[in-house]
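Participant: Have a look at this one.
Nothing in this text is a laboratory measurement; each read-out follows from the coordinates by a stated rule. This one's a predicted model, so the numbers in the text were calculated from it and none came from an experiment. Methodologically, a virtual Cβ is constructed for each residue, glycine included, from the backbone with ideal geometry; neighbour enumeration extends over all protein chains shown.
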Amino acid sequence: MVIGPAMAATAEKGLGDGNDGNRSEPVHWITLYDDLGNELKPGEKFPRPVSMKNTCGKCHDYATISGGWHFNSCRVPSDQSDPRVGEPWVLRDSATRTMIPVSNRGWDGAFRPEQIRLTGWQWIKQFGTHYPGGNYGEIPVDPDSETADPEAIIRQPISGLYEINCLVCHSADARQDQGSPDGAAMQVARQNYRWVATVGAGLGTVKGTASAIDEFSMPLEPDQTSLKIVEKITTTYDSRAFDPENKVFFDIVRQPPPQRCYFCHSTQTQIKKTEQVKVKSAEQEKIEQRQVDRTAELDWITDEDVHLASGLTCVDCHRNGDDHMITRGDTEQENEGRGAVSTLSCRGCHLGDETADAEAARKGGRLGAPHPRHAGIPTIHFTELSCTACHSGPVPAKEPEMVKTSRIHKLGLHGKHAIDLPLPHIMNPVFVRGQDHKIAPHKMFWPAFWAVETKEKITPMLPEDVAFLAEEPLQLTIQSEDRVNDWRPMTSEQIKQTLMAIQADMPEPEEENAAVPQAVYIAGGKVYKLNQTKPATENTEAEYEVVTADHEAARPYSWPIAHNVRPATQSLGAEGQCGDCHATDAPFFFGQVAMDTPVAEQGEQGWTQQPQTAAMVSFQDIDATYIGWFNWSFVFRPMMKITVLLCCAVIAAVLVLYGLRALGCLAGAVSDEW
Amino acid sequence: MFATISIWAIIIVLGLVVVHWFACPVGQKRDLSFGGLVRFKVHVLTMFFLDQKLTLVGKLKKLVYMVALLCFLILFLTGFVPRLICGVPLSGYTLMIHATFAPVFAVCAMIAIVGYAQQCRFTRDELDWVERLMRCRCKDLLCNSDLGRKLTFWLAAVLILPVALSMIVSMYPIFGTKGQEILFELHRYFALVLVLVAIGHVYLVMRAKFKAD
């Protein structure tokens, strides 16, 4: 193994852990190892795929790394919650009109996988394409466990473990392939988890699809399956990548370039324009005004974050040590007594951290960050608003932009497995008061799901369970092209029938006084329930109607955004523009957030939907009447300023006038004495 | 800190007013019976009405003076009470009331200052008082002089400027965060001094009125 000058071996750490101080990048001409721990020989018959755990783990502490932010959500205890809400995974199913925010971090509004009976195996199947491996993907299924997923017991020996793919982030090689038709994501789609890193790194090609392999064609023993599977899913290594000693050069960087982060952390604004469109029907051809999606054509006009534009990279601020606990830019993060970490936040970097030990950290201006003057901004803004409120995301508009994100909408997949997922409709920015009691721009969407309510507690149902129970009322067998606002629409009557179908399947509580579980549907900020209007008799069945109510679980899910940061001149309130937020119709407070829902009415003219909106101020813990009046006062503010300045001028003139007269009088009196 | 200073300063000034009232009574000895106290209060109240003998300009002047006092009272209550009693910064509807009455006060104060400047100008009498003060012959200064009333008038006129300007200037993009903090502190402390001076001035005006009656 050839290792560059930077790495120094220590007794406790791996060869690659830590840093001896040399700032050059270590060269990685390395031997590859397979998942059995054997040295990889590309020329042998049925070679096994490369294992990052065994290859990188030779020099790096894999166990420590696997505790990092990207890989540790499966380890969060179910009673532990992280108050810092983030982007969730979204369990989606357009057929059952389901959009469930999922996270194991205990974020407010998101459901833990176990709450919706989503096993680790299912989790990987749902979200594995935009994911660096490890976490749920690396938990071996225990066949003897009562809670083990039967599918995982059978399929995991075939697919293998989805180990951390270090190259997803640390490869600077432009051939690192996550999203192409033959790339890593395709291996995930095929459940070829064991082969993801091999294909992603471009080391070779893989033929075979794990999900298509009949488990009965494999040996009964899982260990034997693991050994034999490489004969069915074959790996052909690119011999050019190996040197005569079977070593491979990996272009590894300590600081990943932004392009690596972007695969999972991109946001794309949906650009829609109202245009005249020719609409042809059987009888006539007419021209209508319609919203046309121009995202693909106009994506090039969008800008990147001002920090990246000025030469910084993501990891300049989002740093980590061996533990891979990447700093998240919190102003409240631990100082560690040096200010070295706290000054990796907006406030710390630009303004400094007064509590820091180091003089430089107290001064701020890290990495050349300019010190903001905030001229004319009353200081209350700094206690009420996060930095991002004025500086990040798109400039607020009357209606927030619609955006797609890499992970939720699976952006970045090309070719035959590219998918266009319009839902969920994520609105950005919506100004919401966060857990730190500051108003910040958030991304937001309205969850929609079928659930069971017991004693006010709502537990979502998995889409496949709903589909099984309510195939008919949800018209799942009918291929319908009808769409309302991208949703497959659904009437109140369908909701009623679906709720009745789910309710009918619910077991009666065993105890006499136990709460009766009730089927509910959540969408558009409301919970839909059945209300009995007529009790059942001997000859007739009970009659129901659907009623709506408010519920905590129906609230929109939102998470704060930090990027893209706009240039200072484009920040809200720059150059004394109070009206950016304090105009009578300022979007910051009065922007209208559409309450996205599939519920619509079907009439002779087709599907119609009454759009409902919520003002942004309703998410800010501020009285809307008050802020309305307050913003009205800004209409008169220029007059007030001029009036008071004129008054001050007159008072000053009187003071000068009588001051001079008094001086004259005094002078006269003094001269009289002489 | 500011709350403590404010509370103590106001208590001390009010205490001085009370001590002065009893130490230097105006006119004959006060009737401390129930009826006497009621009559006294009615008398004080009537001082806020417009005198029949005033001219139109005089009536307007007094009206403006009264409105200025009312605005000042509202500004004091909205500006100091949340901080001193509730311990919270000025915000919400209280802030709006404060900001609404501030320009009204500025206009009324300006008119009152213009209107009363001539009456409150320093004359040879005050110069005599100053001379006597310098020769340590200040007997009757505390009881019979108009120096205090005039002095507080001009002091209040001077103090209105930093109080008003510190807020108005902060609304322009001139001062950064540190400057904003300093302007806010200046506003608070100058307002406190203005309150103390105003208490003294109103007391001395009423005292002069009693004396005239």
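Participant: Which whole-number percent gives the relative contact order of segment A:229-298, counting Cα pairs below 8 Å spaced six or more residues apart?
Facilitator: So the answer I get is 22 percent.
Participant: So if I take the centroid of the Cα atoms in segment A:436-472 and the same for segment A:356-408, what is the distance between those two points in Å?
Facilitator: The distance from the Cα centre of segment A:436-472 to that of segment A:356-408 comes to 32 Å.
Participant: Given the Cα-Cα distance of A:ALA669 and A:GLU493 and 0.36 nm per residue of separation, how much length would full extension add, in nm?
Facilitator: Extra length from A:ALA669 to A:GLU493 when fully extended: 53.5 nm.
Participant: So, one more: Normalised by the number of residues in chain A, what is the relative contact order in percent for Cα pairs under 8 Å and 6+ residues apart?
Facilitator: Result for chain A is 12 percent.
Participant: Please compare each pair in A:LYS286/A:LYS404; A:LYS272/A:LYS398; A:LYS280/A:LYS404; B:LYS59/B:LYS209; A:LYS272/A:LYS410; A:LYS273/A:LYS404 to a cut-off of 22 Å on the Cα-Cα distance and tell me which ones are over it.
Facilitator: Long pairs (Cα-Cα over 22 Å): A:LYS286/A:LYS404; A:LYS280/A:LYS404.
Participant: What nm value, rounded to one decimal, do you get for the distance between A:GLU231 and A:ARG75 when each label is placed 7 Å out toward the C-beta?
Facilitator: For the pair A:GLU231/A:ARG75, the computed spacing is 3.8 nm.
Participant: Right, another one. Can you pull the Rg over Rh of segment B:79-213, Cα-only, Kirkwood?
Facilitator: Radius of gyration relative to Kirkwood radius: 1.06.
Participant: Give the share of C-alpha pairs in each 10 angstrom bin for segment A:429-519, from 0 to the last occupied bin, in whole percents, shortest bins first.
Facilitator: Spelled out per bin, shortest first, that is 14, 33, 26, 20, 7.
Participant: Output the direction-averaged projected area (hull surface divided by four) of the convex hull of the alpha-carbon atoms of segment B:142-213, in nm².
Facilitator: Mean orientational projected area (segment B:142-213, Cα hull): 5.2 nm².
Participant: While we're here: State the Cα centre-to-centre distance between segment B:80-104 and segment A:255-334 in whole Å.
Facilitator: 43 Å
Participant: What is the gain in length, in nm to one decimal, between A:ARG290 and A:GLU39 on full extension, counting 0.36 nm per residue of separation less the C-alpha to C-alpha distance?
Facilitator: Full extension of this stretch gives 84.3 nm more.
Participant: Turning to a different aspect of this structure: Of B:VAL81, A:PRO26, A:TRP607, whose Cα points farthest to the positive end of the dipole of the protein assembly as shown (charges on the beta-carbon: +1 Lys, Arg; -1 Asp, Glu; origin at the Cα centre)?
Facilitator: B:VAL81
Participant: What translational D, rounded to a whole number of µm²/s, comes out for chain A from Stokes-Einstein when the hydrodynamic radius is the Kirkwood one over Cα pairs, at 25 °C and 0.890 mPa s?
Facilitator: The Stokes-Einstein estimate is 84 µm²/s.
Participant: So which lysines pass the test for A:LYS416, namely a Cα distance under 17 Å, with those fewer than 8 places away in the same chain ruled out?
Facilitator: A:LYS207
Participant: Go ahead and run the numbers for FRET between A:GLU575 and A:ILE380, Cβ-Cβ distance against an R0 of 22 Å, rounding to 0.05.
Facilitator: The calculated FRET efficiency here is 0.70.
Participant: Can you list the aspartates and glutamates whose alpha carbon is less than 14 Å from that of A:LYS232, not counting same-chain residues fewer than 8 positions off?
Facilitator: Filter leaves A:ASP214, A:GLU215.
Participant: Which aspartates and glutamates have a Cα less than 14 Å from the Cα of A:LYS247, not counting those fewer than 8 places away in the same chain?
Facilitator: In chain and number order, the partners are A:ASP34, A:GLU39, A:ASP238.
Participant: Would you mind working out the magnitude of the charge dipole of segment A:330-483 relative to its Cα centre, with +1 at each Lys and Arg C-beta and -1 at each Asp and Glu C-beta, to the nearest 20 Debye?
Facilitator: Result for segment A:330-483 is approximately 660 debye, rounded to the nearest 20.
Participant: Would you mind checking the tilt of helix B:2-23 against the longest principal axis of the Cα atoms of chain B, expressed as 0 to 90 degrees and rounded to 10?
Facilitator: Between the helix axis and the principal axis of chain B, the angle is about 10 degrees.
Participant: What is the dipole size for segment A:31-169, taken about its Cα centre, with +1 at each Lys and Arg Cβ and -1 at each Asp and Glu Cβ, in debye to the nearest 20?
Facilitator: Using Cβ point charges on Lys, Arg, Asp and Glu, segment A:31-169 gives about 400 debye.
Participant: Let me ask something additional. Which value, in nm² and rounded to one decimal, describes the direction-averaged projected area of the C-alpha convex hull of segment A:164-233?
Facilitator: If I average the Cα hull's projected area over directions, I get 4.9 nm².
Participant: Here's something else I'd like to know. Using Cα centres only, tell me the gap between segment A:116-169 and segment A:46-103 in whole Å.
Facilitator: If we compute the Cα centre of each part, the gap is 10 Å.
Participant: Residue by residue through A:106-115, how many Cβ atoms from other chains fall within 10 Å of the Cβ on average?
Facilitator: That average works out to 0.
Participant: Then there is this: For segment A:536-548, just list the computed ³J(HN,Hα) in residue order, Karplus coefficients 6.51, -1.76 and 1.60, θ = phi - 60°, integers in Hz, with x standing in for Gly and Pro.
Facilitator: Ordered by residue, 3J(HN,Hα) equals 6, 10, 4, 9, 10, 8, 5, 10, 10, 10, 9, 10, 10 Hz.
Participant: Then there's this: Find out how many positive minus negative residues lie around A:PRO372, taking Lys and Arg as positive, Asp and Glu as negative, among other residues whose Cβ is under 12 Å from that of A:PRO372.
Facilitator: +3
Participant: To the nearest 0.05, what FRET efficiency results for A:ASN531 and A:ASN485 with a Förster distance of 35 Å applied to their C-beta separation?
Facilitator: 0.85
Participant: While we're on this one: For A:HIS437 and A:ASP82, FRET efficiency with R0 = 22 Å and r from the beta-carbon atoms, rounded to 0.05?
Facilitator: 0.85
Participant: Considering only the other residues whose Cβ falls under 13 Å of the Cβ of A:THR119, what net charge follows from Lys and Arg at +1 and Asp and Glu at -1?
Facilitator: -2
Participant: Enumerate the calculated ³J(HN,Hα) couplings along segment B:173-184 in order (Karplus 6.51 cos²θ - 1.76 cosθ + 1.60, θ = phi - 60°), each rounded to whole Hz, writing x wherever the residue is Gly or Pro.
Facilitator: x, 10, 9, x, 4, 4, x, 4, 4, 5, 4, 5
Participant: Right, another one. How high is the relative contact order of chain B, in percent, counting Cα pairs under 8 Å that sit 6 or more residues apart?
Facilitator: About 26 percent, as a whole number.
Participant: Quote the charge dipole size of the protein assembly as shown about the Cα centre in Debye, to the nearest 20; the model charges only the Cβ of Lys and Arg (+1) and of Asp and Glu (-1).
Facilitator: It works out to roughly 5680 debye.
Participant: Follow-up. What net charge do the residues around A:GLY576 carry, taking every other residue with its C-beta under 13 Å from that of A:GLY576, with Lys and Arg at +1 and Asp and Glu at -1?
Facilitator: Local charge sum for A:GLY576: +1.
Participant: Quick one: if you stick a label point 7 Å off each Cα along the C-beta vector at B:LEU37 and A:ALA542, how many nm between them?
Facilitator: 7.1 nm
Participant: Compute the distance in nm between two label points, each set 7 Å from the Cα along the Cα-to-Cβ direction, one at A:MET325 and one at A:ASP299.
Facilitator: That separation, rounded to one decimal, is 3.6 nm.
Participant: In addition: Amide H to amide H, which residues 5 or more places from A:ALA615 or on other chains are under 5 Å from it, using H placed in the peptide plane?
Facilitator: Here A:VAL593 satisfy the definition.
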